[in-house]
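Notes follow the structure.
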Amino acid sequence: MNVLSLNIRGLGNSGKADWVRGLRNRNEVSFIMIQETQYGDLDTVDVARFWGSDDYLFDWVPSNGRSGGLLSIWDPKVFVMGTVSKFSNCLLISGNIKGSGVISNMLNVYAPQSLVDKRALWGEIGSIIGDGDGFWTVAGDFNSVRNETERRNSNFNSTEAKVFNEFIDHANLHELSLNGRSFTFVAGNKMSRIDRIFVNWNFLMEWPTSEYLALDRYKSDHSPLILKTVYRNFGPKPFRFYNSWIGRDSFGQMVRQSIKSGSFSGAPDTILMLKFKKLRHDIKIWIKDCKEKEFGEKRILEKELFDLNAAMESRDIMEEEVWIMEETKCRIRELEEFYQKDLKQKARSKWASYGDDNSRYFHGCINKRKVANQLPGLMVVMFGRQNRM
């Protein structure tokens, strides 16, 4: 799920809505966190202009006069809201990303200017994160920097930076390497990096290749921040299904038993995902067991067939032995067909991926055709005589 965070410095300008909507569409954003709305009530604001024509949900925290104000907008097809918690300087939307079944917490923050008020806010956020589970994305305008290099042409307060860094460590938050711009806020010749997106360790483990960008400023003196989750986890990876499995009598019974034996809870799509996950695991165990048994069975059948063929050399075999021989041959052919079907399906997959570059398969087909078309001999019949050439 891609996240956009922006200090918009007021929702009033109509051009800002088009700007945010364009950022959302170009970057496939599913969750927007906006700071400094400067609105005490959003009844007169057309939030849809900031999002677009797709379905959306939103919630907000009112501003204190012309200061602050928070707005979070999200795609309900991607993020399923569970609870909303509102505080004076932060807005928490908790829910889950569809398909993951894991709790995700989206905390929108606008920090005050006073160090005393910041200390109180950091403590409040620390308590909120400490009481919650799952993924955490904490984004917004923190009005603080972590070190002296993050300010230019403005005063650096080392005490404030120390307090901010201690809060980040205690809350177990992490910030990815920022690409695009080094400074997120510019006012005249003053530049600083006060806008940030933090995540917790669980988030980093789930999306190890996330991308963190600071985009160009346009309708605000703050840069929009984008957190792109390049790798998306939608549960278990799709597993390959072999047609030969259907030919085995035990397959249907195994599938029914796998579905019935599990105990699942959650949203319908989450339950379906968990069922497929369990089925995939059970199929891997079942097919491994089948192949081991079939390999042993084939060796026994081949030995029995060899013994019967050897017996035919010295005596006439009984009717019962003839029946056994036919059944043995039929079962060996059936086991061989399972193997050949799997090879054929694997070969087609490789052919679709590699084409003629898959030289082993390519030359194997040619050699097989040569053998099938070869004439080992020719029988010529002339005037009642047979001449063999």
Note to self, the chain gives a 222 nm [θ] from helices alone (DSSP H runs n ≥ 4, -39500 (n - 2.57) apiece, / all residues, nearest 500) of -14000 deg cm²/dmol
Fewest-first ordering of Met33, Met318 by Cβ atoms within 10 Å yields Met318, Met33
Toy charge model, Lys and Arg Cβ at +1, Asp and Glu Cβ at -1: the chain dipole around Cα centroid in debye, rounded to 20, equals 1220
In a Gaussian network model of the chain with springs linking alpha carbons closer than 10 Å, the residue among Pro268, Pro112, Pro224 that fluctuates most is Pro268
Counting Lys and Arg as +1 and Asp and Glu as -1 over every other residue whose Cβ sits under 11 Å from the Cβ of Lys329, the net charge comes to -4
Here the relative contact order (percent) of the chain, from C-alpha pairs under 8 Å and at least 6 apart, is 11
Where a ≥ b ≥ c are root eigenvalues of the Cα gyration tensor, a/c under 1.5 meaning rounded, otherwise prolate if a/b exceeds b/c and oblate otherwise, segment 239-340 counts as prolate
Proxy exposure order for Thr137, Thr44 (fewest C-beta within 10 Å first) is Thr44, Thr137
Note, Asn13: beta-carbon cut-off 15 Å, +1 each Lys/Arg, -1 each Asp/Glu, net +3
Honestly the chain on the Cα gyration tensor test (a ≥ b ≥ c root eigenvalues; a/c under 1.5 rounded, otherwise a/b vs b/c for prolate or oblate) is just prolate
Mean-square fluctuation maximum in Gaussian network of the chain, Cα pairs under 10 Å, restricted to Asn89, Asn105, Asn202, hits Asn202
Ranking Tyr39, Gly188, Phe135 by how far each Cα lies towards the positive end of the charge dipole of the chain (+1 on Lys and Arg Cβ, -1 on Asp and Glu Cβ), the top one is Gly188
Given 16-24, 291-299, the highest-first ranking by average Cβ count within 10 Å works out to 16-24, 291-299
Given the candidates Gly247, Gly65, Ile332, the one whose Cα lies deepest towards the positive end of the charge dipole of the chain, counting +1 at each Lys or Arg C-beta and -1 at each Asp or Glu C-beta, is Ile332
Classified through the alpha carbon gyration tensor (a ≥ b ≥ c as square roots of its eigenvalues; rounded if a/c is under 1.5, else prolate when a/b is larger than b/c, else oblate), segment 2-228 comes out rounded
Taking every other residue with Cβ under 15 Å from the Cβ of Leu92 and scoring Lys and Arg +1, Asp and Glu -1, one gets -3
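Read the figures in this text as sums done on the coordinates, not as results from a lab. From a predicted model like this one, the values you see are computed outputs, not experimental measurements. Counting neighbours? That spans all protein chains shown, and the Cβs are built from the backbone with ideal geometry, glycine included.
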